[in-house]
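The values are calculated or read from the model by the stated rules, or taken from the named source; none is laboratory data. Quick caveat, the model's predicted, so the values are computed rather than measured. Reconstructed Cβ throughout: ideal geometry from the backbone, glycine too, with neighbour counts over all protein chains shown.
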């Protein structure tokens, strides 16, 4: 299937019957078209439509064809870089948007639409979180465990030597908490 540039509805352009394999030349051409489209759109489905192949074919090639897999990962990185560039442009450089008043575009004295530069604070925040740890949400893990019984067949003193200072301090805290709960 190929995407019609004038329509969002894909049109059939397949010459092969369903299940019929691509020739080596067709495969190479389909891979080139797919990779080029995917690196520019970051959309597997759209790139598959453009190349006239199924999504399953891409994943099969990525799994079984080492050369294609490498090129696919590179195209994925290129697509991600393109997205990052657009995020940066909208967040930091901004973009022009026509001024609208009472539902109509406002024109200046030169009969051109008046434009305002718009920035995206939410995209800027997203970029900051991605690049700078101090802007990320703080995450913590709360571990509560009830340990009963005894340790047999293990030398606890040797096991404790494997812990670093921070882990040992945490272990001591857990031990004290467990003793306090036991006394209650």
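Please verify whether region 22-34 includes one or more residues that are outside any helix (DSSP H, G or I) and either modelled with pLDDT under 95 or touching a strand residue (DSSP E or B) at 6+ places or on another chain (Cβ under 6 Å) (or both). Show your work before the answer.
From region 22-34, those outside any helix (DSSP H, G or I) are 22-23; that's our starting set.
Okay, now just the ones that are also either modelled with pLDDT under 95 or touching a strand residue (DSSP E or B) at 6+ places or on another chain (Cβ under 6 Å) (or both), so 22-23.
Yes, region 22-34 contains a residue that is outside any helix (DSSP H, G or I) and either modelled with pLDDT under 95 or touching a strand residue (DSSP E or B) at 6+ places or on another chain (Cβ under 6 Å) (or both).
Restricting attention to region 37-62, report how many residues are part of a helix (DSSP H, G or I), touching a residue at least 40 places away in the same chain (Cβ under 8 Å) and within 26 Å of residue 124 (Cα to Cα). Break it down into steps so the answer makes sense when it comes.
Here is the first cut: in region 37-62, the residues part of a helix (DSSP H, G or I) are 37-41, 44-51, 55-62.
Right, trim to touching a residue at least 40 places away in the same chain (Cβ under 8 Å) and you get 38-40, 46, 49-50.
Next cut, within 26 Å of residue 124 (Cα to Cα) only: 38-40.
Going through region 37-62 one residue at a time, the tally reaches 3.
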Seminar exercise, completed: All-but-one check, residue 63 against (1) assigned by TED's automatic domain parsing to the domain that holds residue 22; (2) surrounded by 13 or more Cβ atoms within 10 Å (Cβ to Cβ); (3) within 23 Å of the chain's Cα centre (by Cα), failing number (2)
Exercise. Out of all the residues in region 163-182, which are exposed (fewer than 11 other Cβ atoms within 10 Å of the Cβ) and within 37 Å of the chain's Cα centre (by Cα)?
Worked result: 164, 165, 166
Exercise. Mind checking which residues of region 63-119 are touching a residue at least 12 places away in the same chain (Cβ under 8 Å) and part of a loop (DSSP other than H, G, I, E, B)?
Worked result: 94, 99, 114, 119
Exercise. Hey, residue 107 hits all of (1) at pLDDT 90 or above; (2) under 30 Å from residue 80 (Cβ atoms); (3) surrounded by 12 or more Cβ atoms within 10 Å (Cβ to Cβ) but one; which does it fall short on?
Worked result: (2)
Exercise. For residue 22, all conditions in the list (1) more than 18 Å from the chain's Cα centre (by Cα); (2) under 27 Å from residue 126 (Cα atoms) hold save one; what is the number of the exception?
Worked result: (2)
